[in-house]
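Reading through the C-alpha cells given below for one structure.
The values are calculated or read from the model by the stated rules, or taken from the named source; none is laboratory data. Since the model is a prediction, treat every value here as computed from it, not as a measurement. Neighbour counts are summed over all protein chains in view; Cβ atoms, including those assigned to glycine, are modelled from backbone coordinates with ideal geometry.
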Amino acid sequence: MTTSLSNVPDSSGRFGEFGRRFVPETLMHALEELTQEYEKAKQDPAFQAELDDLLKHYVGRPNPLYFAERLTEHCGGGKIYFKREDLNHTGAHKINNTMGQALLTMRMGKKRVIAETGAGQHGVASAVACARFGLECIVYMGEEDIRRQKLNVFNMKMMGAEVRGVSSGSKTLRDAVNEAMRDWMSSVETTHYIIGSVIGPHPFPMMVRDFQSVIGKEAREQCLAQTGKLPDHVIACVGGGSNSAGMFYPFIDDEGVKLTGVEAGGRGPEPGEHASTLSYGAKGVLHGSFGYVLQDDDGQTMDVHSISAGLDYPGVGPEHSYWKDSGRVNYTAITDDEALEGFQTMARLEGIIPAIESSHAIAYAVKAARQASPDETIVVCLSGRGDKDVNEVARLLGREI
Amino acid sequence: MTSSISEKFATLKSENRMAFMPFITAGDPDLATTVDVLKELARQGVDLVEVGFPYSDPIADGPVIQESYTRALNNGFHVHDLFEALKALSADESVSLPPLVGMVSYAIIFRYGADRFLQEAADAGFSGLIVPDLPGDEAQEFAEKTRTAQLDLVQLVSPLTPEDRTRRIVQAANGFIYCISVAGTTGVRDELPPELTAHLESLRSLTDLPLAVGFGISKPSHVDTLRGKADGFIIGSAIVKQFAAFSDPDKTRDEVISSIGKYAGEMAAATKG
C-alpha cells in the first residue's frame, strides 16, 4: 500500500480518485503543453542543473535543520527540529516553486506570468522570479489580503510586479485564484500561470509538489546526519498544501514516520469559522481539480476564515485528499488563538518570528512534543518567517507598533 | 435518439434560419422572475434557452455573469428549487417552452449527485446540459449517464483546441457543438474575431452536428457575420447585464422583463435575415 503512494499521479493526473482536470476547454491545450514540457524538463540534466544552481546560490539552499533546544525544554518531551524555510531568499518556501516554474515559463517561450497570492509570499516569490529573469508579472490578490499584507504588496511592486486587487466574493485567496484563472483563459497563448500551491488542474499539483520536495529531501538527509535516524514525526501546516506536500512526499514510503498536516481551525468548527478542508470538507470540484472542498449541499464553495491569509482557502491539494483517504497522513486543526500562542512562544523561546501559517504547525508540535518521549524526534516545517504578519498580530493582540 | 434540441436545429435548417439561444441566470433575482422571463422569451420566439446554474466560483465567466450568479446565490438560490419551478412551468399548457439547455458547473453536479441531478433535470424539462468545466477527457462516465437520462451533453470547442482533440470531442458530443468564439471568458465584445470563420469551416468538415457560437455576441451585425457558417448563436452577457435593472428602484419588474423581451425579439428577428 505505502509504496504505491509515491507513484502518483498517473498520466491523467489522478491521485487515486482525486486530481484530474476540471477546467474550460480553452485551457486544455495549454495544460497538455505544460505537462509535456515539464516531463521533458524533468529529464533534462541542464534544466535540473540550472534549478539546483539557483536554489543554492540565489535561494540559499540547503537551509538548516535546527534543533529547537529551548522549545523542546519548554515542552518537556520529544525533541523539536525546524526545517528553516524561513531562511530562504524572500523568507518562505514559495520561492522553491516559483524558481522552477519561471524556468519552465522561459522554456515554453512565454514572457508573461500571472500568479495569485493570499498572504503575499507566493506573490513576492513570483515577483522575485520574474524580476530575476526579466518576465512581466501580474499578481492577483484579494482586497482583504491586500489590507492584511501591505508589506508584501509593497515588496511586489518594488520588484516590478503589478498587483491587481480582487473585489469579488470574500476578497481573499479563493477569489484571487478565480481571477487569475480568468486572465489565463484569455492570455494562455502568451502567459504562464504560476500556481502557488499543490492545487489546480494536472500537472500543477504534481509539479508544485516536485519543486517543493526539496524541503523534505533535505530534511530527511539532515535528520539522518544529525540524529542518526529518520524523524519519528513530521509536522507541517496545510492551506492549499504546498509546504506540507514538499515536506511529506520524501517521507511517504517511510512507514515508521508519522506525518501530520495542520489546518486552520479558525474560531471553531462551525461552517464559515475555519478553513479546515480535510477535517470538515467533502469531496468535490474546485479550481480545476477534484479533492476535498468546503462546500454546501449544492456544491457552492463556502466562505472560510483564518487568522492567516495564507491558509484561508476552502480547498486543498488532491494529493493531500489522497493521503487523507489512504490514512497515511493525519490531518488536524489548530485554532486562531492557539496559533497566536504558538507564534509568541516561538518568538520568546527561540528568537524566531514565524509566519502565522507556520505558527499553526508550531502550536500542534508543542502539543505533540508533550505527548512524546525524549528519544523521539519531531521535525516541523517552518514554512516562512513572520515579518509580514507582525502588523496583523499586533492588531489582534491589541498592541501598537 | 432524436432529442428536442436536434429536432429544433433540423426544423430551423429546413427554414434556412439560425438558432437564437439566449442565456439567463436562474434565480436572478429570484425564481419567480426566472419563470416570467422564460415565458417572455418563449413569447418572443427564441429557439432554445440556456439556463445558467449560479455557481460560487465560475472561472469561465466574465464579470457580468459572475455578478448575476452572486445576486442569485445571495438571494438563496438552490438547485432543487429551480427544478421544482421549471417542472411546474413545463406542466403549464398555456406556455410553449423552447428546449432548455442547462449550463452548470460539474462542482454542482458532483455534489448534488450525478444520477439525482440528471433525473431531476430531465423531470424539470431540460433537453440537454453544457458542463463547461467537464472537458471531453473527463466526461466519458458522465456522458453515459446523460444518455441514459435522455439528455444531450453538449461539448465545447475553443479556438485553441487542436484538430486531433476536436475530432475526439465532436465524436463524443450530441445536441450541438458549442463553439467558443474567442479564447477568454464570457462577455460582450465589439467585433467577432476574423479567424472565427476559418474555425467554423474547419469544424464543419469534422462534424454534422449543429454549430452554435457563443462568447462575445451581442448585436445583429454579429449574427450577419455568422450566417451560412454557424447553425446558431448564444447570447449571455448582453442579456444578463439587463438583469441588474431588477434592483433599480426607478423600474418596475414588468418593465425590465419587457425590455429583456424586446431585445430578445430583435435578436430573434435577426436570425431570419
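Quick one: is B:R116 surrounded by fewer than 16 Cβ atoms within 10 Å (Cβ to Cβ) and touching a Leu at 6+ places or on another chain (Cβ under 8 Å)? Taking the combined requirement at face value, the residue does not satisfy it. The criterion of at least 1 residues that are in contact with a helix residue (DSSP H, G or I) (Cβ under 9 Å, 6 or more places away or on another chain) and either without any contact (Cβ under 8 Å) to a residue 12 or more places away in the chain or within 11 Å of another protein chain (Cβ to nearest Cβ) (or both) is met, among strands (runs of 3 or more DSSP E) falling completely within segment B:115-181, by B:152-157, B:177-180.
Of all the residues in segment A:312-326, those that are within 14 Å of chain B (Cβ to nearest Cβ) and not in a loop (DSSP other than H, G, I, E, B) number 3. Would you check if there is a residue in segment A:179-186 being free of Cβ contacts under 8 Å to residues at least 12 places away in the same chain, away from chain B (no Cβ under 14 Å) and either under 28 Å from A:Y58 (Cα atoms) or of a type in the set (D, E, K, R) (or both)? No, segment A:179-186 contains no residue that is free of Cβ contacts under 8 Å to residues at least 12 places away in the same chain, away from chain B (no Cβ under 14 Å) and either under 28 Å from A:Y58 (Cα atoms) or of a type in the set (D, E, K, R) (or both). Residues in segment A:25-55 that are surrounded by 12 or more Cβ atoms within 10 Å (Cβ to Cβ) and among the hydrophobic types (A, V, I, L, M, F, W, C): A:L27, A:M28, A:A30, A:L31, A:L34, A:A41, A:F47, A:L51, A:L54, A:L55.
Of all residues assigned to segment A:122-135, at least one qualifies as being in contact (Cβ under 8 Å) with a residue 12 or more places away in the chain, closer than 30 Å to B:Y69 by Cα and of a type outside the set (K, R). All of A:E189, A:E255, A:E273 fail the test of being over 14 Å from the mean Cα position of the chain (by Cα), more than 18 Å from A:Y66 (Cα to Cα), assigned by the TED database to the domain that holds A:T105 and of a type in the set (D, E), apart from A:E189. The set of residues in segment A:357-382 that are of a type in the set (S, T, N, Q) and touching a Lys or Arg at 6+ places or on another chain (Cβ under 9 Å) comprises A:S358, A:T377. For segment B:1-35, a residue qualifies if it is crowded, with 19+ Cβ neighbours inside 10 Å, without any contact (Cβ under 8 Å) to a residue 60 or more places away in the chain and part of a helix (DSSP H, G or I), and the qualifying residues are B:L31, B:T34. Looking only at residues of segment B:196-217 that are assigned to a loop (DSSP other than H, G, I, E, B) and among the hydroxyl-bearing types (S, T, Y), we find that the one that is farthest from B:K8 (Cα to Cα) is B:S205. In segment A:170-177, the count of residues that are more than 30 Å from A:E32 (Cα to Cα), within 14 Å of another protein chain (Cβ to nearest Cβ) and either of a type in the set (F, W, Y) or not in a helix (DSSP H, G or I) (or both) is one or more. Considering (1) at pLDDT 95 or above; (2) not in a strand (DSSP E or B), the lone condition that A:I334 does not fulfil carries the number (2).
Scanning segment B:218-273 for residues that are under 16 Å from B:I24 (Cα atoms) and not in a helix (DSSP H, G or I) yields B:S218, B:F233, B:I234, B:I235, B:G236. The residue list B:Q119, B:Q171, B:Q140 contains one member that is more than 19 Å from the chain's Cα centre (by Cα), closer than 30 Å to A:D296 by Cβ and modelled with pLDDT under 95, which is B:Q140.
Restricting the search to strands (runs of 3 or more DSSP E) fully inside segment A:226-311 and requiring at least 1 residues that are away from every other protein chain (no Cβ under 14 Å) and under 25 Å from A:A339 (Cβ atoms) gives A:233-237, A:258-266.
Among residues that are part of a strand (DSSP E or B), in contact with a helix residue (DSSP H, G or I) (Cβ under 7 Å, 6 or more places away or on another chain) and away from chain B (no Cβ under 11 Å), A:V208 is not included. Here is a list: A:A119, A:A115. Which entry is closer than 20 Å to A:I356 by Cβ and within 19 Å of the chain's Cα centre (by Cα)? The match here is A:A119. Tallying residues that are within 7 Å of another protein chain (Cβ to nearest Cβ) and closer than 24 Å to B:L211 by Cβ within segment B:48-58 yields 0. Evaluated against (1) among the small types (G, A, S); (2) surrounded by fewer than 22 Cβ atoms within 10 Å (Cβ to Cβ); (3) closer than 23 Å to A:T172 by Cα, A:G327 falls short on exactly one condition, (3).
Which residue, of A:F82, A:F22, A:F18, is surrounded by 22 or more Cβ atoms within 10 Å (Cβ to Cβ), within 23 Å of A:S383 (Cβ to Cβ) and either within 14 Å of chain B (Cβ to nearest Cβ) or among the acidic types (D, E) (or both)? Only one candidate qualifies: A:F18. The residue that is surrounded by the most Cβ atoms within 10 Å (Cβ to Cβ), counting only those in segment A:149-169 that are part of a helix (DSSP H, G or I) and aliphatic (A, V, I, L, M), is A:M156. Looking at segment A:300-307, can you tell me whether even one residue there is assigned by the TED database to the domain that holds A:K83, touching a Leu at 6+ places or on another chain (Cβ under 7 Å) and among the acidic types (D, E)? Scanning segment A:300-307, I find no residue that is assigned by the TED database to the domain that holds A:K83, touching a Leu at 6+ places or on another chain (Cβ under 7 Å) and among the acidic types (D, E), so the answer is no. Summed over segment B:69-107, the residues that are in contact with a Pro (Cβ under 9 Å, 6 or more places away or on another chain), surrounded by fewer than 22 Cβ atoms within 10 Å (Cβ to Cβ) and within 10 Å of another protein chain (Cβ to nearest Cβ) give a count of 2. Being outside any helix (DSSP H, G or I), at pLDDT below 95 and on the phi < 0 side of the Ramachandran plot: is that true of A:S197 here? Judged against the criteria, A:S197 is not a match.
Applying the criterion of at least 2 residues that are modelled with pLDDT under 95 and in contact with a Leu (Cβ under 6 Å, 6 or more places away or on another chain) to the helices (runs of 4 or more DSSP H) found wholly in segment A:1-117 leaves A:25-43.
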